[in-house]
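Notes follow once the structure below has been shown.
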Amino acid sequence: MFLHTGTSHPLLDLFNRTLYPSLRQALRSKYEPVRSDVLGVIAFAVETLDSHQSLQELKPLLAAGDAEADFFNSIHHIQVHRRTRALHRLAEFLSGAPVRQSTVANLFLPIIEHLTTGVESLDYHFVNVEDA
């Protein structure tokens, strides 16, 4: 892809000025499918945009293509244990790698915020109710 080059490109400038800030804002959506899709787009950008420094620092979270270990894939998985492992991977990543403060504040905090939100604020529940 032509955006892999280290030189400035109009599409990369458009991504930096328009798309990336909008993606970060969409991570604050109250709808989980929206947040999940946004993380998919961000994961694709991390994988493909070699010249974007703040995204390249997130490359280890892709786990070299292992879908089970990929943070972006696992953090919104329906299975709770996959989400838990993704949070552990994120904690290990943040403790071992230098990450920009803005990346933590604009990407990771909105994700974690929705995972730790109380049940009463959710629009729907994945709960099996047995007849008593």
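The number of residues in segment 21-37 that are touching a Leu at 6+ places or on another chain (Cβ under 8 Å) and either more than 15 Å from residue 61 (Cβ to Cβ) or modelled with pLDDT under 90 (or both) comes to 2.
Of the residues 47, 68, which is in a helix (DSSP H, G or I), free of Cβ contacts under 8 Å to residues at least 40 places away in the same chain and touching a Lys or Arg at 6+ places or on another chain (Cβ under 9 Å)?
From the options 47, 68, the qualifying one is 47.
Here residue 76 clears all of (1) within 13 Å of the chain's Cα centre (by Cα); (2) over 27 Å from residue 116 (Cα atoms); (3) in a loop (DSSP other than H, G, I, E, B) except the condition numbered (2). The residue pairs whose first member lies in segment 50-64 and is in contact (Cβ under 8 Å) with a residue 12 or more places away in the chain and surrounded by 15 or more Cβ atoms within 10 Å (Cβ to Cβ), whose second member is aliphatic (A, V, I, L, M) and not in a helix (DSSP H, G or I), and whose beta carbons are closer than 6 Å, counting only pairs six or more residues apart or on different chains, are 55/49; 57/99; 63/69. Pairing each residue of segment 84-111 that is on the phi < 0 side of the Ramachandran plot and assigned to a helix (DSSP H, G or I) with any residue that is surrounded by fewer than 16 Cβ atoms within 10 Å (Cβ to Cβ) and charged (D, E, K, R), provided the two are 6+ apart or on different chains, yields C-beta distances under 8 Å for 110/28. Of the conditions (1) without any contact (Cβ under 8 Å) to a residue 60 or more places away in the chain; (2) more than 12 Å from the chain's Cα centre (by Cα); (3) in a loop (DSSP other than H, G, I, E, B), residue 30 satisfies every one except a single condition; which number is it? With (1) without any contact (Cβ under 8 Å) to a residue 60 or more places away in the chain; (2) more than 12 Å from the chain's Cα centre (by Cα); (3) in a loop (DSSP other than H, G, I, E, B) applied to residue 30, the lone miss is (1).
The values are calculated or read from the model by the stated rules, or taken from the named source; none is laboratory data. Source: prediction; values computed, not measured. With ideal geometry, Cβ positions are generated from the backbone for all residues, glycine too; neighbour counts draw on all protein chains shown.
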